[in-house]
Every structure is written in C-alpha cells, then in structure tokens.
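Chemist: Below is the structure I would like to discuss, written out as structure tokens.
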Amino acid sequence: MASIQILAAHPQLQHSRVTRALMNSAHALPPGLVEVRDLYALYPDYLIDIAAEQAALEEARLVVWLHPVQWYGMPALMKLWVDEVLTYDWAYGGSATRLRGKDLWLVASTGGPQESYHPGGYNRYFFDAFLPPYEQTAALCGMRFLPPLLLHGAHRVTPEQLQAHVTVFTDRLRSHPDWPELDELEQCPQCLVPASARPAA
Amino acid sequence: MEHTSWLSNSLIYLAAAVIAVPLARALGLSAIIGYLAAGIAIGPWGLKLVTDAQQILHFAEFGVVLMLFLIGLELEPRRLWAMRRPIFGWGSAQMLGCTGLLLGAALLAGVPWKLALAASLGLAMSSTAIALGALDERNLMSTRSGQSVLSIALLQDIAAIPILALVPLLGSGALSHADAPAGWGALKAAGMVAAIVLGGRLLLRPALRWIANSRTPEVFTAAALLLVVAIAALMQLVQLSMALGAFLAGVLLAENEYRRQLETDLEPFKGLLLGLFFIAVGTSIDFGVVMQQPVLVALLLVGFLGAKLLVMWGIARAIPLPQGERPVFILLLAQGGEFGFVVFQTASQAQLMDAATASLLLAAVALSMLVTPLLLVAVDRWLLPRLAAGKAPPMSEINEPQEAPVIIAGFGRYGQIIGRMMYANGIPATVLEHDAEQVETVRRFGWRVFYGDATRLDLLRMAGAAKARVLVLAIDDIDQSLKVADLAREHFPHLTVVARARNVTHWHELRERQVQLIERETLDSALMSGRSVLEAMGWLPHQARQLAMRFRRHTVQQLEEQRPHYRDQAKLVALAKLGRQQLEELFAQERQDREQRQREGWGQ
C-alpha cells in the first residue's frame, strides 16, 4: 500500500481533460509512493467495498481527493464514499483515531472560469465559499486540510496551462510533506463528538 | 395368452417401454427406436407376450390423433391458411410423385394395374407418427423442413379420404353402383366438418369456461380428452381421418384462452399413446412373412424407400431447403405409414389383393417404420458431419472471412441480448449459431451470421477469431461451451472470452480454462427477484438493492474461494449430488458469516 492514496472520481472520464491528465501523471509516479483509486472504475455499480477502502486509508499518509467540481461539490459516488467509508467510531467520534494526523488534499477543477466565482459573476460566491464542507469533513476526522489545488475554466485551458498544472501536481506529490506553506498551517482543531450526540444504543 | 387380462397387458407394455426406452437413450438412439424394439421383443417373434397387436394398434392410433390435435393447437387459422400452398403444393407433389413412380415400377414388373395402384397409394403414405415424432424429438417442428414435413403429412391425411373411397371401387368394378353413396358420403363429411367448425367457434369456449370454473383439474383433463375423443368419433362416423379432424379442432382452439391448459393436460397422454403406438407397430411386424420371402421383402423395402427418397429429394431441392436440413427432411417421409396398413386391409377386404400380398406389403411398411429411425441415426452420425466438413461454411453466402471485433457464439436467449446491446451501440458482431431457423431470422436484420457449430476450428477462424478482440460464449450446451473455450485458449489466446455459465459446475470448469469474465446466467435475474421479495416483505427499495448487490459480491467471492477445492469436491461427491452439496455448504457458510455480516451492514 502506498503512502499517498489518490481517490479519483470522474463519472465521465472519457470526456475529461484535466482529471485524466492528472490521473495519468500520478500513475507514472513510483507505485510504492502513490496509489490511484479510480472510484468510478472500481465501483461502477455504486457498491463500495468499505473494508477495502478503509484498509487503503489506514496505510496512507496523504489522502488526495481528485475530482471535477459538480454542482458546487464532489461527484455523487465520491459523496457516497464519504457517507459510507468515513464511519462513526472508525473515522470520527468516540475513540476513532484511524485518520488522525493524516493530510487531506483537494485537487479539483471547475468548468466555470475563475471570474464566475465572484459576487458579480454567475456563481455569485468566491470559490472559497464552497469549501467549508470539505474542511469540516477533514477536521471531524482529525485530518489536516491542505490548501486545495484548483484549476478553473477546465474546458478552455490551453495544453500549456494544463501541462503546468500537472507539473505542479506531481511536484507536490513527490515533495509531500515538505511543502513550504505547511509551516504556517495551524494544526487540526479537535472535534470531539459527545456521546449525547449519538443515538442511544 | 389368449385371455390376457387388462392388468397383465398393461404390465407388459409399460415394463417393455420402461426398460427399452431408457436403454435406447443410453445408447444414443431415439426413443422411437426404443419403443419399436420393445414391441418386437414382446411380440409373437420375440417373447410371445402379446398377440393382439392389431387391437392395441387401433387403440394406440389415438396417440397420433392427440399429436395432431396438439400440433393444431400451435397453429392459428391464419398460419394454417398461410400454409395452404405448401400443403397442397408439396403435399400433392409427394403423393402424386411417389404414387406415380411406384405405379410405374409395379406396372413394369407386370403387376395388374388395379393392384399396382392400390399398393402404390398405400406405400406412398408416410407415418405421421414417426415423422412428426422424430421432428418433435429433435425440436425441429418450427424449422422450415419441419413445417414442410407437417404440410405433406397433412395432405396425406386429406388424401386418405378419397383413397379409402377409391380402393373398394377398384375391387368391385361396379362403378355405377358406388356413385351415390360416395356423393352422399362427401356431403355428410362436409356437413360434419362444418358442424365441428361452428361448434368449436361458438360452443367450446363457454363450455370450457364452465368446466374450468368447477375448479376440479382432473375434470378439465377429462374434458380435454373427451373433446378429442368426441371429434375423432364424429370424424370416423363420416369416414374422415380422425387425425385430420383432431388437427382441425386443434386449429380452431389455437386462439382459445384454454389452449395452454389443454396442451399441458394432453401432452402426457400423447407421449404415452404414441409410445404404445410404436410398440404396437413393432409387435405387428410379421417376421414370418419376412423369413419366408426375405429377398422379396427386402426388394420391396429398398424399392419403395428408394422411390420415395427420390421424390423427397426432388421436393427438398425445389423448395429449396437449406443444405443442412435436407437429409433429415428427405428421410422423414420416406417410410410407409399407418394409413398404408388401412389401405392394404381395405384392399384385401375388397378382394383386390390376396392375403399373402397384403401381409407382404404390411411387413415391408412395418420394417420401413423400423428402418427410418435407424437411418436417422446414420444421417446424424455419419452424413451430417461429412456434409458439414465437406464445405467449410454450410451456408453458401458467407464464406469470406469476417473481421468484426466481437464474435458471439450461440444466439439464443442469452447471446441475443448481448448482440442487441452491441448493435444498439454500433459495435459490429459476428454471430455463430447452429439453429438454421434462427440464422435466417437474424440475417434478415442484416447481421453477419454463420450457420454452424462453433466447436469447429475452421468456422471460428472464418468468423474472424484471429482478429477479433472478444469472444462471447453464449452456447447452451455446457460441453460445447467448454470445447469452444479450449479452442479459443489454444488457438486464439489474444481473445478476451466473455462466458455465460449455466451453473456452478460450468462456472468452475470455465475458470479452470482461464476464462475470467463469467456470468452465471440465472444469478442476476434471481437477485432481482430476491430484491422484489425483500421489498414485498417491507424492506425499502434502495436497501433491498444494496442487500442484493452485496449478496452478489459475497456469493461471487465464495465461489472464487471454493475454486481450489473444486476438483476434490467433484471427486468426493457424485456428480448428481454436487448441486445439493454445494448448496448445503453455501448455507452453512452463510449461517457462519451472518453475525459478521450484520456488523458490515450486509443484512438485517
């Protein structure tokens, strides 16, 4: 099991430019370092193998979520993965420490250009406004949420822009966890879920 | 043995059938041969257990009547009407051709013309029971040759009416005297047919409904039998063919809502009575006559079989039937038949034919009925493989190599779905199918279809196996499926084989051959039903789906885990028990896993 687990989710990979290029470049990295789990290929029937997913997570130092942004969030199967794999008592709550201290890195692309994520644009919010669910998911599991790597206007990027993006991505994977900006990053907040928040047994 | 009781008679017939038929099947022969052999064994020339074969024959003829009734049930009036040309065209060609050829030969041999005519007419008739029985056994009823055989057999039934009227006239020579009754008889016959048609249309449906409403299944069976017996009796009353009448009644009921019920009720009677009929034929073969004049009987047999084969060959060419179907078609109507018996009896009653001649002819006809199924075996084992080997693709239009990326072997219910899915997505596929009828149908939709057996290397090669990427193994027969898998692995290792497994054993055998992509044909539909059950029991639809999917994964994993032990198991457990043993193991394993599964959210 590799120390970097990339969870890739693209429901139409055959039409993808960015996600596919990123996945391919990750595949080219040393197998002992990176493992790419293509969710839509592994679970075309949406039947996630929870045990296998949790086992892969336990080995990882860095977990990467690689996906296009769809309706201001993650693709459906990835959300299902979150719902089913990050279980109570395993990923969060009580004595769950399995993910604690690991890094979570969001690598996402949007179809809309950067300008659209603006109070004056058709998306009406800065892109940061859509990130709290990700950040809080990481926090609840005791994971460190790294600064996301984003590519806006994915449909219209030039090959050169895409290549530059891919290079940043692979460089980051290779150099993790020695990223300069991580020094300033505060440690994870502790999110303890009290027993009273759970259904009575 | 003179006053054998009903009980001991039943004992003899049933025991003979129960012993002889499985024996014949074990030897790879048809059930008909088994019945005939049983008849010979218990008859006067075998163990001498039965002496009243003629009486039994009359009773057992009812099997033929039932068979034609059931065939009629499958044919709606519209389809029968569509068959009018083959019936009157090919049927008449067979009757006239055979009679003419035999008559010519007899006249050349110096036989008086009246006797020659009666004998030729009798010999031209074929055994409906053997022909249709053999078709049934081979599942050929719906093929083109099957329908042609049926057409000709039907015309013979129709032709029997004027022939049986004509033969006494030949004997008496007093034509003027017989004119009036013949005309009157025709009128009566027409009236009876009209009455049956009208009665069938107007009265039967309410009557059957009333009987069905009594909710006593055996009474409905009795009614079904009564219906056929009554029609047969009515037809006999006006001297029409009982079988023909029953057939007409069947056609009339083909659109009736009780059709399936009638079919299921009468089917077992048909089978048993037909068996009895064949036993009786076997019993009635007079080996005394054969042994007295072996050369003459042999000459007669070979001569009339040869003449009829010739005529049938001409018809097969004229229709024209596909090469592969021809030999069986030609052979099926070559033998003499039960109507021949009746014609000869009538002729000897009319003193047109002396008893010795009649029994000579009877022996020849009976022997021909014995020979036909044997010849069919020869055709199957020897001629057809040769025909197939002679020309690489038996169907002439496609003999250039194919290059579609997908080959589908077997285009039955499973292969068709895959084929249609490929078609819908614009993926060209080459289909290999051994059912000629199926081939014709599929080809009409513009598919590349090879007629033939996918277990043949040359055919696979011709279908483009060397260049294709995927081979779909959708063949019904397990042995053949495995044979093709072996061929593919040995000669076309680059092919990705996608296989359908009929059952768990088949699955293991395929895995043994390195086939990776296997679906058990019943698994997914059964899981869908399982989902429905869960939903009906109150589970939520999405939950039911998830449980079914998890069960699927679990059961596939289990099979995979059993794989190393599959051979031991097979050695340990007799093959017949294997299915149950596997089930027991699966149940045990599932019980064991249940607790763990609950934690995994696998079941409730």
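The values are calculated or read from the model by the stated rules, or taken from the named source; none is laboratory data. Remember, it's a predicted structure, so these values are computed and weren't measured experimentally. When we count neighbours, we look across all protein chains shown, and the Cβ atoms used for this are built from the backbone with ideal geometry, even at glycine. Please note that ligands, DNA and RNA were not included when accessible areas were found on the heavy atoms of the full protein model with its side chains. Shrake-Rupley method; radii C 1.70, N 1.55, O 1.52, S 1.80 Å.
Chemist: For n ≥ 4 DSSP H runs only, could you compute -39500 (n - 2.57) per run for chain B, divide by its residues and tell me the 222 nm figure to the nearest 500?
Modeler: -23500 deg cm²/dmol
Chemist: Could you list log10 I(q)/I(0) for region B:398-545 at q = 0.10, 0.14, 0.15, 0.22 Å⁻¹, which the Debye formula gives when each Cα is one point scatterer?
Modeler: These q points yield log10 I(q)/I(0) values of -0.38, -0.67, -0.74, -1.35.
Chemist: Within 10 Å, at most 15 other Cβ atoms, and a DSSP state outside H, G, I, E, B define an exposed site. Report the longest part of chain A free of exposed chymotrypsin sites (Phe, Trp or Tyr not before Pro).
Modeler: The segment A:127-201 is the longest one with no such site.
Chemist: Taking the Cβ-Cβ separation of B:I417 and A:D45 as r and a Förster radius of 25 Å, what is the calculated FRET efficiency to the nearest 0.05?
Modeler: The computed FRET efficiency comes out at 0.85.
Chemist: Report the B-A buried area as the accessible area lost on both sides summed, probe 1.4 Å, in Å² to the nearest 100.
Modeler: 500
Chemist: So what are the three principal axis dimensions of region B:235-297 from its Cα atoms, in whole Å, longest to shortest?
Modeler: Between the extreme Cα coordinates on each principal axis of region B:235-297 lie 55, 28, 18 Å.
Chemist: Using a 1.4 angstrom probe, figure out how much accessible area the protein assembly as shown has per residue, in square angstrom, rounded to the nearest whole. Numbers along the way, then the final one.
Modeler: Working: 40470 Å² over 805 residues.
Here the per-residue accessible area is 50 Å².
Chemist: Return an integer: the convex hull volume of the alpha-carbon atoms of chain B, in Å³ per residue.
Modeler: Expressed per residue, the convex hull around the Cα atoms of chain B is 210 Å³.
Chemist: Just the Kirkwood number for the protein assembly as shown, please: inverse of mean 1/r across all distinct Cα pairs, in Å, one decimal.
Modeler: 33.3
Chemist: Follow-up question, since we're still on this one. Placing unit charges on C-beta atoms (Lys and Arg positive, Asp and Glu negative, everything else neutral), compute the dipole magnitude of the protein assembly as shown about its Cα centre in debye, rounded to 20.
Modeler: The calculated dipole for the protein assembly as shown is roughly 1240 debye.
Chemist: Post the alpha-carbon centroid distance, region B:248-300 to region B:93-107, in whole angstrom.
Modeler: Cα centroid to Cα centroid, the span is 25 Å.
Chemist: Additional query: Once R0 is set to 45 Å, what does the formula 1/(1 + (r/R0)^6) return for the Cβ-Cβ distance between B:W81 and B:Q514, expressed as a FRET efficiency to the nearest 0.05?
Modeler: Computed FRET efficiency for B:W81 and B:Q514: 0.25.
Chemist: Could you state the number of Å between the C-alpha centres of region B:339-361 and region B:6-51?
Modeler: 27
Chemist: Testing the spin-label approximation: label points 7 Å from Cα along Cα→Cβ at B:R444 and B:V219. State their distance in nm.
Modeler: 4.4
Chemist: Additional query: Take B:L374 and A:D178, extend 7 Å from each Cα along the Cα→Cβ direction, and tell me the distance between the two endpoints in nm.
Modeler: With each label point 7 Å from Cα toward Cβ, the separation is 9.4 nm.
Chemist: Going by a ≥ b ≥ c, the root eigenvalues of the Cα gyration tensor, does region B:75-174 fall in the rounded group (a/c under 1.5), the prolate group (a/b larger than b/c) or the oblate group? Don't skip to the end; give the middle numbers.
Modeler: On the way: a/c = 2.59, a/b = 1.99, b/c = 1.30.
Since a/c reaches 1.5 and a/b is larger than b/c, the shape of region B:75-174 is classed as prolate.
Chemist: Another one. Run through region B:1-107 and list the trypsin sites (Lys or Arg not before Pro) located in a DSSP loop whose Cβ has at most 12 other Cβ atoms within 10 Å.
Modeler: Loop-located and lightly packed - B:K48.
Chemist: Hey, another quick one. Quick one: angle between helix B:338-349 and the longest Cα principal axis of chain B, in degrees between 0 and 90, rounded to 10, please.
Modeler: 10
Chemist: Next question. Treating the Cα atoms of region B:155-298 as identical point scatterers in vacuum, please give the log10 of the normalised Debye intensity I(q)/I(0) at q = 0.17, 0.19, 0.21 Å⁻¹, two decimals.
Modeler: So the normalised log intensities work out to -1.04, -1.15, -1.26.
Chemist: Could you tell me which of A:S116, A:L140, A:P31 has its Cα farthest along the dipole of chain A towards the positive end, charges placed at Cβ (Lys, Arg +1; Asp, Glu -1), taken about the Cα centre?
Modeler: Going by the charge dipole, the pick is A:S116.
Chemist: Let me know the shape class of region A:1-59, please: from the alpha-carbon gyration tensor, a ≥ b ≥ c as square roots of the eigenvalues, rounded when a/c is under 1.5, otherwise prolate if a/b is greater than b/c, or oblate.
Modeler: Oblate is the answer for region A:1-59, as a/c is 1.5 or above yet b/c matches or exceeds a/b.
Chemist: I've got another one for you. Putting +1 on Lys and Arg Cβ atoms and -1 on Asp and Glu Cβ atoms, find which of B:A307, B:L253, B:I279 reaches farthest to the positive end of the dipole of region B:246-314.
Modeler: With unit charges placed on the Cβ atoms, the residue in question is B:A307.
Chemist: Defining a contact as two alpha carbons under 8 Å apart and six or more residues distant in sequence, what relative contact order in percent does chain B show? Let's see the in-between values first.
Modeler: On the way: 778 pairs, mean separation 91.5, N = 604.
For chain B, the relative contact order is 15 percent.
Chemist: Using a 1.4 Å probe on the protein heavy atoms, what percent of the accessible area of the protein assembly as shown belongs to carbon and sulfur?
Modeler: Details: 24550 of 40470 Å².
The computed percentage sits at 61.
Chemist: So what's the gap between the Cα centers of region B:416-491 and region A:156-201, to the nearest angstrom?
Modeler: Computed from Cα coordinates, the inter-centre distance equals 52 Å.
Chemist: I need the calculated FRET efficiency for the pair B:Q239 and A:Q14, taking r as the beta carbon distance and R₀ as 60 Å, to the nearest 0.05.
Modeler: Working: r = 76 Å, r/R0 = 1.26.
The value I calculate is 0.20.
Chemist: Count the lysine pairs in the protein assembly as shown whose Cα atoms lie under 26 Å apart, taking only pairs 8 or more positions apart in sequence or on different chains.
Modeler: Taking the Cα cut-off of 26 Å, the pair count is 7.
Chemist: What angle, in degrees between 0 and 90 and rounded to the nearest 10, separates the Cα long axis of helix B:113-124 from the longest principal axis of the Cα atoms of chain B?
Modeler: The two axes meet at around 10 degrees.
Chemist: Above 16 angstrom, tally the Cα pairs of region B:50-134 and express them as a % of all pairs, no decimals.
Modeler: The answer is 69 percent, as a whole percent.
Chemist: So for the protein assembly as shown, taking the charge dipole from beta-carbon charges (+1 Lys/Arg, -1 Asp/Glu), which of B:A233, A:L66, A:H10 sits furthest toward the positive end?
Modeler: Selected residue: B:A233.
Chemist: By how many degrees, between 0 and 90 and to the nearest 10, does the Cα long axis of helix B:128-137 differ from the longest principal axis of chain B?
Modeler: Helix B:128-137 sits at roughly 10 degrees to that axis.
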